[in-house]
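K.L.:
Next up is a structure, given as structure tokens.
The values are calculated or read from the model by the stated rules, or taken from the named source; none is laboratory data. This structure is a prediction, so every number in the text was calculated from the model and none was measured. Note that we place each Cβ from the backbone using ideal geometry, even for glycine, and neighbour counts take in every protein chain shown. Just the protein is used for accessible areas: all its heavy atoms, side chains included, with ligands, DNA and RNA removed. Shrake-Rupley method; radii C 1.70, N 1.55, O 1.52, S 1.80 Å.
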Amino acid sequence: MDTLAPVVITRCQHYDTDAILSLLREHAPKIGLTREAITGKRVAVKPNLLLAYRPEKAATTHPAVMEAVIRLLRELEPASLIIAESPGGVYHEKTLLHIYQETGMTGVAERTGVPLNYDTSYRSFPMPDGVTAKNVDMIVPIHEADVIVNVCKLKTHALATMTGAAKNLFGVIPGINKFEMHARFKKPSDFFSMVIDLNAELDRQKTVFHLCDGIVGMEGDGPSGGTPKEAGVLLMSRNPFNLDTAAASLMGFTGRVPLLAMAAERGLCPADPALLKVEGVSPRNVGCGDFLLPDAKKGRRFDLIPPFLQPKPFIDRTLCRGCQLCMKSCPQKTIIMVKGKARIKDGGCIKCFCCQELCTFKAVKIKKSFIYKILE
């Protein structure tokens, strides 16, 4: 992975497809996204489609950005082009159809003539150089692609502090297999290490370009339960960790993203965003103001608190609708249904926050101890 890969940051205030396409035509060549890289290649475009949310919720990659990316790629004459994603929850055609419709991807496909993936099969993806993981399951269109264009969303994240390019590629793992990965890598440091392994191996085996929709991001209890936050930028890079380091800087999260600290320790990106090669707008000059942290990540002395006193999820039964998605998705099987409402059992929770991530009713809240509140 090229640790010197530049991060291109351009101002973009509105979701205007033509304006975004114009910016991409001008700036994408700076990260190597050119005809030479695309012509005759099998290309998969991977958005962030976490849940079946409308674009205005700012939880998913905006269709205007996706359409501009697709139109640019079509101009570069790939051998094939497909939009592919594996959202959270069960990975099957009916789920994909609903999510594509709600997030605006169906319209993108209709307007551009580029197909949406409905093949829910997957294959093993060997990662022989992985530090923590030596293989993962991977959805077929990503597995078969020569080139991956990773179009992520600028958001906060309860477990990872922020989610951008690197975390978005965790979405190439199919459906509920993601939750099995959380169960397999219970410690956050092991989970982050696995995500780093995945990104590094994809970079070794394929050509990967990373673009981030930061026109309107999400702050607070992301990646699904936060609130929209205007940042007015698009970010691009060949190095996902460089892009995320720049994104963390403009969000006000420098030094607070464990995954990036681990990537820097491996020599995959600089620890200091000042050492990045940035073209366009400097992160510190974006001017959007700091993003609000997720409740689970507030307080700089969080690590001083013993595990049994650290923040943990709980179900607000007044908001729970009994859909059972959190129960079905819990890697530790610690969620049960009591009188038609979800409840998290005492003990066993690994604080992966998958339940909060997938709850469309915002019924999963964060419980903080009195000591934690004092240290905030």
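K.L.:
When the chain is fully extended, how far beyond the present Cα-Cα distance does Tyr118 get from Asp2, taking 0.36 nm per residue of separation?
P.N.:
Details: separation 116, 0.36 × 116 = 41.76 nm, distance 3.30 nm.
Separation in residues times 0.36 nm, less the Cα-Cα distance, equals 38.5 nm.
K.L.:
Now a separate question. Relative to the longest principal axis of the C-alpha atoms of the chain, give the angle of the C-alpha long axis of helix 63-75, reported between 0 and 90° and rounded to the nearest 10°.
P.N.:
Approximately 30 degrees, to the nearest ten.
K.L.:
How much net charge surrounds Thr10 when only the other residues with a Cβ under 11 Å from the Cβ of Thr10 are counted, with Lys and Arg +1 and Asp and Glu -1? The partial results should precede the final answer.
P.N.:
Values: positive: Arg11, Lys30; negative: Glu26, Glu279.
Surrounding charge for Thr10 is 0.
K.L.:
Would you mind computing the Rg to Rh ratio of the chain from its alpha-carbon coordinates, Kirkwood style for Rh? Could you put the intermediate results ahead of the total?
P.N.:
Details: Rg = 19.4 Å, Rh = 20.6 Å.
Rg divided by Rh gives 0.94.
K.L.:
Now, a different point. Could you check the spin-label model distance between Lys206 and Glu77? Points 7 Å from the Cα along Cα→Cβ, value in nm.
P.N.:
2.4 nm
K.L.:
Okay, next question. Cα-based Rg of region 146-291 per 2.2 N^0.38 Å, rounded to two decimals?
P.N.:
Values: Rg = 14.3 Å, N = 146, 2.2 N^0.38 = 14.6 Å.
Expressed relative to 2.2 N^0.38 Å, the Cα Rg reads 0.98.
K.L.:
Follow-up question, since we're still on this one. With axes computed from alpha carbons, what is the tilt in degrees of helix 240-251 against the longest principal axis of the chain, rounded to the nearest 10 within 0 to 90?
P.N.:
60 degrees
K.L.:
When Lys and Arg each count +1 and Asp and Glu each count -1, what net charge do the other residues less than 12 Å away from Asn150, Cβ to Cβ, add up to? Present the calculation step by step, with values, prior to reporting the outcome.
P.N.:
Working: positive: Lys46, Lys153, Lys167, Lys206, Arg238; negative: Glu85, Asp203, Asp213, Asp244.
Taking every Cβ under 12 Å from that of Asn150, the sum is +1.
K.L.:
Looking at the chain, send over the antiparallel percent of its DSSP beta bridges, to the nearest 5.
P.N.:
So the antiparallel bridges in the chain amount to around 60 percent.
K.L.:
If you fit an axis through the alpha-carbon atoms of helix 17-27 and take the longest principal axis of the Cα set of the chain, what angle between them do you get, 0 to 90°, nearest 10?
P.N.:
70 degrees
K.L.:
Sort 65-71, 336-342, 281-287 for me by packing, meaning the mean count of neighbouring Cβ atoms within 10 Å per residue, highest on top. Numbers along the way, then the final one.
P.N.:
Working: 65-71: 25.4, 336-342: 13.3, 281-287: 16.0.
The packing order, highest mean first, is 65-71, 281-287, 336-342.
K.L.:
Mind ordering 104-110, 325-331 by average Cβ neighbours within 10 Å, highest first? Please list the in-between numbers first.
P.N.:
Details: 104-110: 19.0, 325-331: 20.6.
In descending order of packing, they fall as 325-331, 104-110.
K.L.:
With r as the distance between the Cβ atoms of Glu230 and Arg111 and R0 = 22 Å, compute the FRET efficiency 1/(1 + (r/R0)^6) and round to 0.05. Working shown, then result.
P.N.:
Values: r = 25 Å, r/R0 = 1.15.
Taking R0 as 22 Å, the efficiency between Arg111 and Glu230 is 0.30.
K.L.:
To continue, here is another question. Give me the accessible area per residue for the chain, probe 1.4 Å, as a whole number in Å².
P.N.:
Dividing the accessible area of the chain by its residue count gives 40 Å².
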